[in-house]
Each structure stands twice: as C-alpha cells, then as structure tokens.
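Asker: This is the structure I have questions about; it appears just below.
The values are calculated or read from the model by the stated rules, or taken from the named source; none is laboratory data. These numbers were taken from a predicted model, which means no experiment stands behind them. Positions of Cβ are backbone-derived with ideal geometry, glycine not excepted, and every protein chain shown enters the neighbour counts. Side chains included, ligands, DNA and RNA excluded: accessible areas come from the protein's heavy atoms. Shrake-Rupley method; radii C 1.70, N 1.55, O 1.52, S 1.80 Å.
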Amino acid sequence: MTALSHVYPIGSRINALGHLEIGGCDATSLAAEFGTPAYFVVEDDLRARARAYVDGLATRHPNSDVLFASKAFPCTAVYRLLAEEGLACDVASGGELALALAGGFDPARIYLHGNAKSAEELRFAVSAGVGHVVLDSLDDCEALEAVAAELGVVQEVLIRVTPDVKGDTHAAISTGQADSKFGFGLAEAPTAIDKVLDTPHLKLVGLHCHIGSQLLELDPFRRAVAALATLGEFDVYNLGGGLGVAYQETQEPPSIADYVATLVETAHAELGAGKRLLIEPGRSLVANSTVTLYTVQTVKRNVSTWVDGGMSDNLRPMLYDSKYEAALAGRMNATGGELCILAGKHCESGDVIARDVELSEPRRGDIVVTPATGAYGYAMANNYTGVPRPPVVFVSGGNAHVVVRRESYEDLTARDV
Ligand code: LLP
C-alpha cells in the first residue's frame, strides 16, 4: 500500500492492485457501482477537518463559533454532517438557508449574508429566526429594518467591512480590496455604524470581514483584523473564511491549526481577549475531502484525453484558471506517461479540466481521478450541453452510499410547464 499526497482525502492510498483507494474503497469499483462522473466524499476526511477547526478555535478562544461557509458545498448531507460536528452555518441566499434548515442546523446558529438580499429572503431569514444578518449596504439596512418592523422583532446584525487588504489570489475571488463590491469601505463604515445604531428594529452586535478565497499566506488575515480594530469596539467579530488548500502536490497551504492560531493571536492583540470570535471556512473544510471520477471516452493524437464530464461538474479551471491534478485510478503506479490535456465533453474549446497531466497510455474506459474537487465543484455544477449533474456519494470505512442521486433526463424537463 502506498500513501498518496495531501491533495487526496486523508487515508487515500494505492492498493495492492495499483488502484486508487479512498475511504477504504477501490475507486475503480466505486466508478463501476455508481457510474461517472461522480463526486466521492470521504466522510472521515470531512469530519477530521471539521474537528480541527472546532477544537482548534474552541481551545484557543472558547467564546467562539466555526461557521460552515455553505456556498462551498451546498448539499444537504454535507450540512447534516457538519451540523453533527457542532459547526454553525453561513448562508448567502434564501436557497442556502432552506438547505441549512433541511440539514438540521439550529436557526439561531445560521447567519445570513448577501450583497443583494431580496425582501423575500430577508423575511424568510428573520421569520426563521436566524442568529444574525450581515448587512452589506445602507439599502440592505433599510430593507431589513422594514422586514423586522413588519414582523415585530429586533434582529441582531453585523456590518460587513471591506478592510482594504488585498491577498494574493485570483481577482474574481478577491474581496478585501477597497474597490470590492462587498460591504462598506473603511471610510464609509462609521456612517453605517451610526445609521444601524439609530435603526429601531436592528441591534448592532459586531463587524464582519472576508478578504478573499484560496489565500495561501496568513499575513493578509492579520492586516484585516488590524483594520477592523480602527472602527471602535464591538462584542462580535466574524473574520470570514479564505484559507487556501492544496490542489497540487507542490502547494503547501498553512494548516488549519496555524491559521486559527494566527487569527486568535491577532484578534487578542488588536481587538482584546473578551470578544466573541466567528470564522467561516468553506474551501478548507471541504475541498480535499472529495475526488471526482470520470471515464475516458476517447483519446486523440494521444495528447488530448476526453472524459465524460467537464465544465458542467467543475467550472473552476474555466473561471479562475485553477489547476488540478489528474491520474488514472486503475493504474496509479504507471510511470512514463505522456503530458496530456484532460478535456471535457462540452462543446467549447475552453472546456479543459487540466493541462499537462501525466497519464500513462490513456485509453477509452480508463477511470480518471481529479482530487480536491469538494469546494465549489458541486456548488457551481450546471446543465450546460444538457448534461445531467453528477451524484454525490459518501464513502467511509470501505462502504459507500449515494446522498444526492444523478440527475436524469426527466429532471431536465421537470420544471417545464
Ligand atoms: N465568507 C464569505 C462571506 C464568503 O463570501 C466566502 C466565500 C466564505 C466565507 C468562504 O470562503 P472560503 O473559505 O471558501 O475561501 N467560487 C470560487 C470561490 C468563491 C468564494 C466566495 N466566498 C472558487 O471556486 O474559487
């Protein structure tokens, strides 16, 4: 048995047959049983990362909570598992709120985000009894006041601040810089704070910031906390998510423990030790728990390998130029492969899942694995080219079960009237 790199789910290895094994299951058997493409989530991996966050924060700062940034993997079974592990939940829309409730989260530990919330979403959240709403603009403040007044409640809120900190990540997922579309800039924040303090059905409890996603360095997080400290004293601080993960073996992101320690140390130094601290990781909780399996459909000129999925199950390479590893799940030890382009089945040239991946003599029927697809894969899946979305399969201790079934052709017409 050979262990695999940290890009793969914890406990993954190459078995005696030279096949990929995840969660105690042979990946080629999983592909045969559940079909491809499919997302396979290793439950033990997800639980281990959830515990690293919950224990890591609680031991360093007991007055705290870890929120699952559920946009990363909005699947009921994932909500359920993370609720079981004691996390709270961040939702960014009415739909995510409905999923979080279905997954069993206590409404008081669900927190609503959104930079363009509708009155309907606000009404849903307030009447469900969400813990707090994160305000993103003055219009948001007025709309929430109207809803809270109508329902006769006082709603706790945080104000989202854009701290003018730019981390090193793709522009599309950078949110802390001054020209971000999110929240209030440092110069506008005092006006927003005064306004909320003057709004009868809103109770301001603190500030929020989220500077971006897939950040591989810790210093921008420190600078963001320092920027929040300039805006006065509050009871609650939500420091967002954003810790990056390894998509490729050469990437070494900070550990969850180091990240949490840095946030807590900086919060103690800049904000004081008596505050309530919230963090909302998405990617770093779920990304490496999951792999996608595909089947090779055709090989052209032996450099381009076409599989049965692509931009309908993983948009990230197309949107952010994200790099993924790929391997032949049935010949993990084969060496001397040619550099291949792993192309998807969709009708456009940009539908390439990975470039320059070493695959040894790929042929029709081979199972291909792309690791680290748990974050924003299922979340951004779509039906482009009429492709039904893949199932989600949980794998643990040598057993596997479907938690979201594969879409059918009937599903594609299910909303027709
Ligand atoms: N909190 C807020 C307010 C957020 O907007 C986000 C992510 C998170 C927490 C979680 O951030 P994470 O820990 O996952 O970095 N689709 C993109 C990522 C968009 C992230 C949006 N906000 C991608 O696939 O890279």
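Asker: Is it fair to say D321 is at positive phi and modelled with pLDDT of 95 or more?
Answerer: Details: at positive phi: yes; modelled with pLDDT of 95 or more: yes.
Spelling it out, D321 is indeed at positive phi and modelled with pLDDT of 95 or more.
Asker: Pairs please, first residue from the stretch 211-238 and closer than 22 Å to A72 by Cα, second anywhere and open to solvent by 20 Å² or more (accessible area, probe 1.4 Å) and at pLDDT 95 or above, Cβ atoms under 6 Å, 6+ apart in sequence or on different chains.
Answerer: Listed by first residue and then by second, the contacts come to L216/P253; L218/P254; Y237/K275.
Asker: Show me the helices (runs of 4 or more DSSP H) found entirely inside the stretch 1-102 where at least 1 residues are farther than 28 Å from R331 by Cβ and among the β-branched types (V, I, T). I'd like the intermediate steps shown before the answer.
Answerer: Details: elements: 27-34, 43-60, 76-84, 94-102.
So the answer is 43-60, 76-84.
Asker: Filter the stretch 194-204 down to the residues that are of a type outside the set (S, T, N, Q), crowded, with 17+ Cβ neighbours inside 10 Å and not in a helix (DSSP H, G or I) and list them by number.
Answerer: The answer is H201, L202, L204.
Asker: Another question about this same structure. Just one of (1) part of a loop (DSSP other than H, G, I, E, B); (2) surrounded by fewer than 23 Cβ atoms within 10 Å (Cβ to Cβ) trips up G176, so point out which.
Answerer: So the condition that G176 fails would be (2).
Asker: Is one or more of the residues making up the stretch 183-193 surrounded by fewer than 18 Cβ atoms within 10 Å (Cβ to Cβ), assigned to a helix (DSSP H, G or I) and in the same structural domain as Q251 (by TED's automatic domain parsing)?
Answerer: Yes: one or more hits.
Asker: Does A329 qualify as being within 15 Å of the ligand (Cβ to nearest atom) and either in the same structural domain as T28 (by TED's automatic domain parsing) or closer than 20 Å to T295 by Cβ (or both)?
Answerer: Taking the combined requirement at face value, the residue does not satisfy it.
Asker: Separate question: Return the residues of the stretch 297-325 that are surrounded by 24 or more Cβ atoms within 10 Å (Cβ to Cβ) and away from the ligand (no atom under 16 Å from the Cβ); say none if nothing qualifies. Step through it out loud before you land on a result.
Answerer: Going residue by residue through the stretch 297-325, those that are surrounded by 24 or more Cβ atoms within 10 Å (Cβ to Cβ) are 305, 307, 309-311, 313-314.
Scanning the stretch 297-325 gives T305, V307, G309.
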